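Engineer: Please find one structure pasted underneath; my questions will follow.
A short reminder: the numbers here are calculations on the coordinates, not readings from a lab. Everything numeric in this text was worked out from a predicted model, so none of it was measured. With ideal geometry, Cβ positions are generated from the backbone for all residues, glycine too; neighbour counts draw on all protein chains shown.
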Amino acid sequence: MTSPSLAVLHHAEAAPVLNLLTVPQVMARLQLSRSAVYDLIRTRQLASITLGRARRIPTHALTDFIRTRLEQEAAA
């Protein structure tokens, strides 16, 4: 059995794992309604992707959204 090359191992370690959340998962984390989450997506305050008919929100997009809102609150 041969082991993968060092370049392949390095690439696999360097590639970030992209976790995707469903709308209900985001609803639960933010304690918001379905329509409120879709409003955030529609107004591009919360980034998302569509896979077929399914809407998914990358975890980093949710983190960025929360960080932005915290910064806005602190500046006000």
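Engineer: Filter the stretch 51-76 for residues that are in a loop (DSSP other than H, G, I, E, B) and not basic (K, R); which is farthest from L18 (Cα to Cα)?
Structural biologist: For the stretch 51-76, the residue satisfying everything is A76.
Engineer: While we're here: Could you list, in sequence order, all residues of the stretch 23-40 that are in contact with a helix residue (DSSP H, G or I) (Cβ under 9 Å, 6 or more places away or on another chain) and assigned to a loop (DSSP other than H, G, I, E, B)?
Structural biologist: Passing the criteria: L32, S33.
Engineer: Count, please, the residues in the stretch 41-50 that happen to be over 13 Å from the mean Cα position of the chain (by Cα) and in a helix (DSSP H, G or I).
Structural biologist: The qualifying residues number 1.
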